[in-house]
Amino acid sequence: MQKPTHSIVDKLQRPLRDLRISVTDQCNFRCRYCMPEEIFGSDYKFLPKEKLLTFEELTRLTRIFVSLGVEKVRITGGEPLMRRDLPTFIHMISKVGRVKDIAMTTNGSLLAKHAKALKEAGLHRVTVSLDSLDDDRFGQMNGRGFKVSHVLEGIEAAAAAGLQIKVNMVVQKGTNDQDVLPMARYFREKGHILRFIEYMDVGNSNGWRLDQVLPSRDIVERIHREMPLEPVGPNHYGEVASRYRYLEGKGEIGLISSVTQAFCSTCTRVRLSAEGKMYSCLFASAGTDLRAPLREGKSDPEIRELITEFWRHRTDRYSEERLSNTPEITKKKKVEMSHIGG
């Protein structure tokens, strides 16, 4: 598939096309693989309001990123729906020219309340995280005892509002891998695309081990034995999920195989944290501050040049390096996923 030609490229000739914006570092879940309770407890200090970028600042940065080739914007967190008046921000960026796609990733617990307003504000798609259909297992995994029904209600409300829906399941061997088939059956019946994500070593706090990773090929084999599958090509350059469709009837699944089948070579994503730091990789150790230039009165061309130089010097390929040097590279200190979104 041909690369976009209108965007700046990094050292590995990867174009800048996708912007992921974290609007808050807070979340009402305490998932073991992201924000374990023993670290993100009641005394954990989240970002104070004055350090968060305002919607106006985020919209200005979005406009600058779009001028450099960004076409798709994804809203993340933490849990983005914990940011007050989020539909207002969605509406603001929907007015930025050349943004073809506005999406959001959410745990779904607050989605039923906000789905209609989000759609009316200009949101196109929503990705909902759900790791099990078993209440006990899901409650243990989310760390707060939230019921599956809360998330399913959010998914149905989003569908009723006209939002496109995907569901993400992080698969952890020995924890919830027994839920692969029940999840596949359920969401095939519902008509929503389910994507299985290999358990990753995001951040520094989730106690990741390679032997807890269920390779995507094993997931495909499990499903294929009951519901035959065939591979499908990517929808676009830089798509992270390998796609498979069901041979009998409609529907498809996706596999995000960051651990066993790294896709660094086509990564087109830049991440912006809630306090305005720009990251070139989900597994980055440090970010480049954009809040200070914004609040110091730097012009759009000056900030544009800062972003341009940042991207042109990008060489990140963490997941590819992990494949060949797992014990050493996984010791690297990394920004927490809850801080910059998945």
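Only one residue of I219, S257, F283 has its Cα farthest out toward the positive end of the dipole of segment 214-342, where Lys and Arg carry +1 and Asp and Glu -1 on Cβ, and that residue is F283. The phi torsions of segment 102-113, fed into the Karplus equation with coefficients 6.51, -1.76 and 1.60 and a -60° offset, translate into couplings of 10, 10, 9, 9, 8, 7, x, 5, 10, 5, 4, 5 Hz, rounded to whole numbers, with Gly and Pro shown as x. Among residues other than R74 with Cβ under 12 Å from its Cβ, the summed charge is +4 (Lys and Arg +1, Asp and Glu -1).
For segment 2-96, what is the convex hull (Cα atoms) projected area averaged across all directions, in square nanometres? Display every interim value, and only then the final one.
Details: hull surface 32.8 nm².
Averaged projected hull area, Cα only: 8.2 nm².
Summing Lys and Arg as +1 and Asp and Glu as -1 over all other residues whose Cβ lies under 9 Å from the Cβ of S280 gives a net charge of +1. Positive contributions from Lys and Arg (+1) and negative ones from Asp and Glu (-1), summed over other residues with Cβ under 11 Å from the Cβ of D300, come out at +2.
Might you tell me the accessible area per residue for the chain, computed with a 1.4 Å probe and given in Å²? Kindly include the intermediate steps, with their values, before the conclusion.
Details: 15070 Å² over 342 residues.
It amounts to 44 Å² per residue over the chain.
Think of each Lys and Arg Cβ as +1 and each Asp and Glu Cβ as -1; about the Cα centre, that makes the dipole of segment 69-207 roughly 600 debye.
Placing +1 on the Cβ of every Lys and Arg and -1 on the Cβ of every Asp and Glu, with nothing else charged, gives segment 1-100 a dipole about its Cα centre of roughly 540 debye. The helix-based estimate of mean residue ellipticity at 222 nm for the chain, built from -39,500 (n - 2.57) per DSSP H run of four or more residues and divided by its residue count, is -9000 deg cm²/dmol to the nearest 500. Couplings 3J(HN,Hα) of segment 9-15, computed from phi: 10, 8, 4, 9, 6, 8, x Hz, in residue order, whole Hz [Karplus 6.51 cos²θ - 1.76 cosθ + 1.60, θ = phi - 60°; x for Gly and Pro]. 3J(HN,Hα) couplings calculated from phi for segment 212-218 with the Karplus curve 6.51 cos²θ - 1.76 cosθ + 1.60 (θ = phi - 60°) are, in sequence order, 8, 8, 9, x, 4, 4, 5 Hz; Gly and Pro show x. Relative to the Cα centre, the charge distribution of the chain, modelled as +1 at Lys and Arg Cβ and -1 at Asp and Glu Cβ, gives a dipole magnitude of about 740 debye.
Can you check what the Kirkwood hydrodynamic radius comes to for the chain, Cα pairs only, in Å to one decimal?
This gives a value of 20.5 Å.
Considering only M82, M104, M169, the Gaussian network model of the chain with Cα springs below 10 Å gives its largest mean-square fluctuation to M82. Build a GNM of the chain with springs between Cα atoms under 10 Å apart, and of P215, P293, P15 the one that fluctuates most is P293. Close amide H pairs (under 5 Å, H built 1.01 Å from N) link G341 with G77, G78, residues at least 5 positions away or on another chain.
The values are calculated or read from the model by the stated rules, or taken from the named source; none is laboratory data. Computed from a predicted model, the values in this text were never measured in an experiment. Note that each Cβ is placed from the backbone with ideal geometry, even for glycine, and that neighbours are counted across all protein chains shown. These accessible areas exclude ligands, DNA and RNA; they are computed on the full protein's heavy atoms, side chains included. Shrake-Rupley method; radii C 1.70, N 1.55, O 1.52, S 1.80 Å.
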